[in-house]
Amino acid sequence: MKTLAPREAVEKAVTYHAEDAEGLTPVIENDADLLEWLLYVLRQVGGFDDDYPIQVEIRDAGIVIEGDGEVMQAVRQYLL
C-alpha cells in the first residue's frame with residue numbers, strides 16, 4: 001500500500017517525535033536528511049526493525065510512504 005503525506009506535515013511530525021520522544025534535535029538540510037529521519041521515526045513508533053519493508057520517496061505533491069497495513073497504521077497515528 002502507498003499513501004501521500006504532505007511534506008510540511010511530515011517535517012513537523014518528524015521534528016516533534018525526535019525532540020519530544022527521543023530527545024534529539026533533527027538536522028534536516030535536504031531531502032535525503034528528511035527521508036532518513038522519516039524512516040527512523042517510522043521504525044521507532046511502529047516498532048519495526050531495520051529490515052522491515054518501508055519505502056519513502058519525495059514527490060512534488062509530498063512524500064509517498066509505502067508499506068503494509070502496520071506501516072499505514074503508524075503513518076496514520078503518528079504522522080498525519
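The values are calculated or read from the model by the stated rules, or taken from the named source; none is laboratory data. From a predicted model like this one, the values you see are computed outputs, not experimental measurements. Using ideal geometry, Cβ is built from the backbone for each residue, glycine included, and neighbour counts are taken over all protein chains shown. Each accessible area value is taken on the protein alone, full model and side chains, heavy atoms only, with ligands, DNA and RNA left out. Shrake-Rupley method; radii C 1.70, N 1.55, O 1.52, S 1.80 Å.
Observations on the model:
Conditions tested, residue by residue: (1) open to solvent by less than 30 Å² (accessible area, probe 1.4 Å); (2) of a type outside the set (Gly, Ala, Ser).
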site	(1), (2)
Ala5	yes, no
Ala9	no, no
Ala13	yes, no
Tyr16	no, yes
Asp20	no, yes
Gly23	no, no
Ile28	no, yes
Asp31	no, yes
Leu34	yes, yes
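- Positions within the range 61-79 being loosely packed, with under 13 Cβ neighbours inside 10 Å and either in contact with a strand residue (DSSP E or B) (Cβ under 6 Å, 6 or more places away or on another chain) or not in a helix (DSSP H, G or I) (or both), in sequence order: Ala61, Asp68
- Summed over the range 36-60, residues that are under 17 Å from Ala18 (Cα atoms), open to solvent by less than 70 Å² (accessible area, probe 1.4 Å) and either part of a helix (DSSP H, G or I) or aliphatic (A, V, I, L, M) (or both) total 8.
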